[in-house]
Each structure stands twice: as C-alpha cells, then as structure tokens.
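Participant: Right, I'll just put the structure down here and ask away after.
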Amino acid sequence: MTNMSLVTTFVLTGLPHAPELDTFLFGIFLVIYVLTVVGNFLILLVIIVNPHLHTPMYYFLTNLSFIDMWYSTVTVPKMLMTLVSPEGSPISFHSCVAQFYSFDFLGSTECFLYTVMSYDRFLAISYPLRYASMMSGRTCAILATTTWLSGSVHSAAQTTPTFRLPFCGPNQIQHYICDAPSVLKLACADTSTVETVIFVNIGVVASGCFLLIVLSYVSIVHSILKIRTSEGRWRAFQTCASHCVVVLCFYVPLVFIYLRPGSKEVVDRIVAVFYTVMTPLLNPVVYTLRNKDVKKALLKLKDKVMYSQSKWSLQCRLAH
C-alpha cells in the first residue's frame, strides 16, 4: 500500500467524558470486555464438545461467537488505554491500518453472517422435512466461508483507498478506534471520492443484507401463521426472537453512523459503543438466557468440570 503520509503515529482521543469518570468507565468497559470474551468462548466450547448442538444453527452461532470475541478485542483494549491516558492513546500508522481493516472485516463478516442465519431459520421453519438435506454440512461450510471472504473483500475496498490518501498534518483521531469518518477528516487531500466509495460500499452491503433478512422473516412469519397449534407457533417465534434482537442492535447504530448525511463526532463515538462493545456481549447473553439447549449444555459442562476437579483432588490426596 503506497501513500505520501508524513504522519507516523496517530493519537486516539477516546470517548467524550468528564475526567473524573476515567476510573469508573475503565472498570465498566473492562468488565464488559471480560464477560464478552468469556461468554463467547463458553458458547464456542459448549457447542464444540456437545454432539447434540452440532446443527446448522449452532454451527453459524460458533462463527458469530468467534467474530464477536475478536471484534471486541480489536476495539475495547484501545478504548481502555484512552481512559488511562489523559493525552489520548498513541497508535502507529500501520497499527491504525490494521485496526481499521480488522474492525471493518469483522463487522462486515458479521453483517453477512446475520443474513445467512436468517436464511437458515427460514429453511428450518418453512421446509422442516427437507431442512437436513438443504442445509447439509457442506452447504453450511460454503455459506460460512463465503461470509468470511465477502467481509475480507468489503474491508479491503474501504481500507485501501482510505490509507492511500496523504496524512501530513493533524494526527488526533476524534474516536477510540481508527474508523473511516474520523480518519478521513485528517487527510491532506480531497476525500469526497473515498467518502462516496465507502458510503456506497456500506450502503449496498447493509441495505442488501437487511433486505434479505426482512424477506426471510416475512416468509418465516407467513409459515408460522400456517402452524395450527399455538404452542407450535410460539416455539417457532422463540427460535427467531434471539436473532431478531441481535440484528436490530447491530444495524440501528451502524446505519445511524455511516448512512446518514453529515457526521457529529461526539454523537458518533457514543453510538459506536453500542455495536463495538454492547452487541458482542449480547450474543452470549441472548443465546444462553433464551436458549434451553445451550443452558442445558452449559450445566453439563459445569458438572463435567466439577467432577474432573473433584477426581483430580482425590487423586492428589491419595498420592500424598
């Protein structure tokens, strides 16, 4: 990637807040980050070790948990560093490029994955008898691989033109991450073309994925209404409710920041907290508290761990 940048280091200014709240906010976001990583890791572990959860829905959920672990790791640690440094957190030019790419890569991959998950729910509810053959292991692998490759291409299409611009003056990024609107404001050149590319890129992906999700759920609702028993309808609605909640929490802030005219830095940074910090936490919360299968698997895993610990301690006592 060639550029004429004279800036070798940027400074992330962080979230707008009163200085006396540094310790409080650091504690809150640190706890959220730990819960996010541990929660998503537990979902991954439970699904992998439990054969009863080796189904397409949980296969895609493992992908989502893996994404959210890294999505949070790409953003939150740097945010924490801005809270312990009054002058802001320095980040090298190349680290900023890497964070920019990773952040967009994981975010767009998650966007594509939500679409695939809605398609999976559509097949499961609309074609229950043919579902197993339509969503085979090979099909799941192809769909998951496509989401990751699409996310990679989407991110490259934004990262490359952004960092080909010259950065020769101010180096303070008014954000806690290297994000497109904030980085582009520091460029020493006309950014209108790059801004248009990013706007169209995000607009096409976000609106296209959201439209497909809506179409899937319209079809799902139509199929659910055909179910004769109220218990069957309720069970079908419950299957989709978790996915709907997470999708809305992801899309609303995303559209607000990237697809509205103009940009207000303070508002954007506060809204960004929802999809960079809160949404990755919602995944383990929503998919465990609302899912009986996952809760049962977690309890079984807990029992196995406790049994292994008691067995190990007994062997240690006998050895002594």
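The values are calculated or read from the model by the stated rules, or taken from the named source; none is laboratory data. Just so we're clear, the structure is a prediction, and the values are computed from it rather than from any experiment. Virtual Cβ from ideal backbone geometry, glycine too; neighbours counted across all protein chains shown. When the accessible area is computed, the model is the full protein with side chains, heavy atoms only, and any ligands, DNA or RNA have been set aside. Shrake-Rupley method; radii C 1.70, N 1.55, O 1.52, S 1.80 Å.
Participant: Scan segment 61-89 for residues that are over 19 Å from the mean Cα position of the chain (by Cα) and either on the phi < 0 side of the Ramachandran plot or in a helix (DSSP H, G or I) (or both) and report the count.
Facilitator: Of the residues in that region, 8 qualify.
Participant: So, in segment 208-221, how many residues would count as being touching a residue at least 24 places away in the same chain (Cβ under 8 Å) and open to solvent by 20 Å² or more (accessible area, probe 1.4 Å)?
Facilitator: Residues that pass the stated criteria total 4.
Participant: How many residues are modelled with pLDDT under 90, of a type in the set (A, V, I, L, M, F, W, C) and part of a helix (DSSP H, G or I) when one looks only at segment 18-60?
Facilitator: 11
Participant: Now for a separate question. May I ask you to say which residue of S85, S102 is modelled with pLDDT of 95 or more, more than 27 Å from V214 (Cα to Cα) and either surrounded by fewer than 19 Cβ atoms within 10 Å (Cβ to Cβ) or not aliphatic (A, V, I, L, M) (or both)?
Facilitator: Checking each option against the conditions leaves just S102.
Participant: Could you list all residues from segment 163-182 that are in a helix (DSSP H, G or I) and either in contact with a helix residue (DSSP H, G or I) (Cβ under 6 Å, 6 or more places away or on another chain) or of a type in the set (K, R) (or both)?
Facilitator: F163, A180 - these are the residues of segment 163-182 that are in a helix (DSSP H, G or I) and either in contact with a helix residue (DSSP H, G or I) (Cβ under 6 Å, 6 or more places away or on another chain) or of a type in the set (K, R) (or both).
Participant: Right, next: So, in segment 160-191, exactly how many residues are acidic (D, E) and closer than 19 Å to S95 by Cβ?
Facilitator: Number satisfying all stated conditions: 1.
Participant: State whether the residues of segment 120-134 include one that is open to solvent by less than 40 Å² (accessible area, probe 1.4 Å), in a loop (DSSP other than H, G, I, E, B) and touching a Cys at 6+ places or on another chain (Cβ under 8 Å).
Facilitator: no
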